[in-house]
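Please treat every number below as a calculation from the coordinates, not as lab data. All values derive from a computational prediction rather than experimental measurement. Every residue, glycine among them, receives a Cβ derived from its backbone with ideal geometry; neighbour counts consider all protein chains shown.
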Amino acid sequence: MALALDTPVADLAGRLFAHIKRRDCFSTAFRIASEREGFGRQLAPQCVFENARCLDAATGVANVPPQRAESAMATPHDDWDAGDMSCGDLVLELFLRMKRLPPHTVLRVRATDAAAPLDIPAWCSMTGHVLLSAIPPIYLLQTKEG
């Protein structure tokens with residue numbers, strides 16, 4: 001999308017995050033998820049962004065944390081290329097794919113949409129699936145228990 005709009009990816013991501021902050025449904029979901037995880041009612045909760053430095057306060061752009069050492073050893077059981085599928089379609093298809101997999105199965109997802117670094121961690125947090133690794137455009141997700 002950034003390429004089509006001739007806009008730097010970071011600028012577009014910042015504008016998308018600003019849009020999300022203005023939408024009550026999105027910002028409320030982030031705040032509720034943060035509160036459920038015990039971090040208070042933050043817009044960029046630690047349950048979505050693994051540490052406070054993941055969201056640049058000046059730009060509002062999410063910086064996905066580097067891959068964790070233990071997730072480097074996770075071997076994907078399945079692979080899905082979501083391409084540039086956007087938020088609604090991405091999370092719906094992700095839901096359907098994860099539902100078909102047994103508990104503790106690792107799914108490798110390739111998602112190039114500019115909002116994927118926000119959407120995938122948020123979706124995992126809200127559904128109980130585990131985000132093992134996020135190095136855009138590659139994400140490793142583990143299905144939740146039963």
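Laid out as a table, the results:
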item	result
Sum of side-chain charges, Lys99 neighbourhood, beta-carbon under 11 Å (Lys, Arg +1; Asp, Glu -1)	+2
By average C-beta atoms within 10 angstrom, highest first, the peptides 120-126, 23-29, 109-115	120-126, 109-115, 23-29
Local electrostatic count, Trp80, Cβ distance below 12 Å [Lys/Arg +1, Asp/Glu -1]	0
Charge tally in the Cβ shell below 11 Å around Asp113, where Lys, Arg are +1 and Asp, Glu are -1, Asp113 excluded	-2
Along each principal axis, Cα extent of the range 81-146, largest first, Å	31, 21, 20
